[in-house]
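To start, the structure under review is shown below, and the notes come after it.
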Amino acid sequence: MVILYAQSMSAVQKDIKLVETYRKVDQNMELRCISARSNDSKVGELLVRFQKDKKLLILDGVIVEKEFRRQGVGTYLVSFAEDLAQRFSAKKVLLCPFPVDPSAYPKKELIKWYRKRGYMLNRGLMFKSIK
């Protein structure tokens with residue numbers, strides 16, 4: 001396991017380490033699965049795909065363990081995905097807002113959460129331009 005990023009998060013008062021758990025690379029696409037860990041426990045996970053030919057980072061999943069929700073972990077993971085997009089020279093981040101647990105976080109709330117972070121909604125998909 002390779003630690004990609006480690007930072008103390010004041011929002012949750014935890015040391016979060018991002019560990020790449022899976023990577024697949026081919027000619028036009030790169031897939032990465034990244035686990036967010038604190039004290040050897042998984043607190044969240046991020047799944048991203050980079051389409052090289054389209055300069056597009058697709059955010060396939062942001063999952064935060066139930067006991068760590070609403071503490072800044074999701075924001076941390078999305079920020080890391082946006083940092084990856086910049087490193088890959090992507091022009092946009094694209095996602096389909098799909099709640100993993102709709103009873104805890106309904107789709108309308110999820111869309112509102114992404115909008116607060118600069119994402120725009122268009123035909124059921126959300127995107128953010130990367131500078």
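Computed from the coordinates by the stated procedures, all read-outs in this text should not be read as laboratory data. What you see is a predicted model, and the numbers here were worked out from it, not measured in a lab. Using ideal geometry, Cβ is built from the backbone for each residue, glycine included, and neighbour counts are taken over all protein chains shown.
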Checklist entry - What is the extension gain from residue 109 to residue 49, computed as 0.36 nm multiplied by their sequence separation minus the C-alpha to C-alpha distance, in nm to one decimal? => result 19.2 nm
Item to check | Amide H partners (placed H, <5 Å) of residue 117, local residues excluded | outcome: none
Next on the checklist: Highest mean first, how do 118-125, 107-114, 90-97 rank when packing is the count of other Cβ atoms within 10 Å averaged over residues?
Outcome noted: 90-97, 107-114, 118-125
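For the ranges 28-40, 74-86, what's the packing order if you count other beta-carbon atoms within 10 Å of each residue, average per peptide, and put the highest first?
On the way: 28-40: 16.3, 74-86: 19.5.
The most tightly packed comes first, giving 74-86, 28-40.
In debye, nearest 20: dipole of the range 2-129 around its Cα centre with unit charges on the Cβ of K, R (+) and D, E (-)?
In total the dipole reaches around 560 debye.
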Checklist entry - Just going by the charge dipole of the chain, with Lys and Arg at +1 and Asp and Glu at -1 on Cβ, which of 62, 114, 31 is farthest out on the positive end? => result 114
Checklist entry - In sequence order, what are the phi-derived ³J(HN,Hα) couplings for the range 74-87 according to the Karplus relation 6.51 cos²θ - 1.76 cosθ + 1.60 with θ = phi - 60°, rounded to whole Hz, with x for glycine and proline? => result x, 4, 4, 5, 5, 4, 5, 4, 5, 5, 4, 4, 5, 4
